[in-house]
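What follows is one structure encoded as structure tokens, with my remarks underneath.
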Amino acid sequence: MEKEICTISITSNWLGDAYTFYTDNKIKRVYDTSSLNSNITEWLDATQISKHNKDKLIKNCPEEFKEQVMHILDYP
């Protein structure tokens, strides 16, 4: 596993939704679909993340990691 860059939460309610970015361009998403079905993990690439969620990720990204995360997300 490559080095972790940062984890960004885009949770908008009580259901968790966090993305962890790695230096090898991998993205791990951990999210909840309900209170009974939580901490689901999936590995994504940038093409699997909607423009809306990319916008939220960049908005919530710490400034010192923004350039790296934008590159991984292929963000304009």
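One table, with the values for the structure above:
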read-out	value
Relative contact order of the chain, defined on C-alpha pairs under 8 angstrom at six or more residues apart (%)	25 percent
Fraction of the pair-distance distribution of the chain above 14 Å, Cα-Cα pairs, percent	58 percent
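Throughout, read-outs are computed from the coordinates displayed, never taken from laboratory work. Note that the structure is predicted; figures quoted are calculated from it, not measured.
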